[in-house]
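What follows is calculated from the coordinates using simple rules that are stated; it is not laboratory data. What you see is a predicted model, and the numbers here were worked out from it, not measured in a lab. A quick note on method: Cβ atoms are made from the backbone with ideal geometry, for glycine too, and the neighbour counts reach across all protein chains shown.
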Amino acid sequence: MSLPKEKENQRYTYADYRQWDDGERWELIDGVSYLMSPSPSRTHQAILRELVYQLTGFLKGKPCELFFAPFDVRLNADTFDDTVVQPDLLIICDRSKLDDKCCVGAPDMVMEILSPSTGRHDRLVKSQAYLKAGVREYWIVDPDTRTVQICILENGKYVMTIYGDADIAPVHILEGCTVNLRDVFEEYPG
């Protein structure tokens, strides 16, 4: 089924989403469909590559798993099943949340790398979806400002700390894990 470009006032579920085969990538948040941007920039990919590199080394031999887009996350599969996102990077420590196609429930950690076309959506819409679902740690990586906003779930709200490109940022869900942001942003003068 090909999804019409104009979808106002329509609500969808994961079952609808699984039937779309139009060659485009979509996300659903509270039943509203969002067309994802075309291929990310070279900067975006290089930042993602460095984050994956640093985290993969730490996770080797540990129970948590790292995934990156495109990988579906059904944030509210146990209720309406109308929120499906594809974070740039995610970590799942409860393997019972994994099936062959996706993560069913909230990952422990999500990272989004901002781009001009997704920045507002990632900061506002997706942030609220992650909070509502109970994602324990949410990183917003901004290549333009060379910063990372780390949001930690505490008492039903995100508490945010901002780290710059010279900092070593802690990964709160992984005891002893840090990310060297100098290496993450090294190639990009900003």
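Farthest toward the dipole's positive end in the stretch 40-185, which of 113, 177, 124, given Cβ charges of +1 (Lys, Arg) and -1 (Asp, Glu) about the Cα centre?
113
For a quick protection proxy, order the peptides 114-125, 77-88, 53-64 by their average other-Cβ count within 10 Å, most packed first.
Ranking the peptides 114-125, 77-88, 53-64 by packing returns 77-88, 114-125, 53-64.
About its Cα centre, how strong a charge dipole does the chain have in debye, to the nearest 20, once Lys and Arg get +1 and Asp and Glu get -1 at the Cβ?
120
In the Gaussian network model of the chain, springs joining C-alpha atoms below 10 Å, which of 147, 13, 161 carries the largest mean-square fluctuation?
Of 147, 13, 161, the Gaussian network model singles out 161 as fluctuating most.
Calculate the spin-label point distance for residue 183 paired with residue 120, positioning each point 7 Å from the Cα along the beta-carbon direction, and give it in nanometres.
Modelled inter-label distance: 3.6 nm.
Sorted by mean Cβ packing within 10 Å, highest first, what order do the peptides 173-180, 152-159 take?
173-180, 152-159
Compute, for the stretch 99-190, the length of the dipole vector about the Cα centre, with Cβ point charges of +1 (Lys, Arg) and -1 (Asp, Glu) only. Units Debye, rounded to 20.
The calculation lands at about 460 debye.
Output the lone cysteines of the chain: those with no second cysteine's C-beta under 4.7 Å from their C-beta.
102, 103, 151, 177
When N is the residue count of the chain, what does its C-alpha Rg come to as a fraction of 2.2 N^0.38 Å?
Dividing the Cα radius of gyration by 2.2 N^0.38 Å gives 1.01.
Calculate how steeply helix 42-59 sits against the longest principal axis of the alpha-carbon atoms of the chain, using the helix alpha-carbon long axis, and give the answer as 0 to 90 degrees to the nearest 10.
Helix 42-59 sits roughly 70 degrees off the main axis of the chain.
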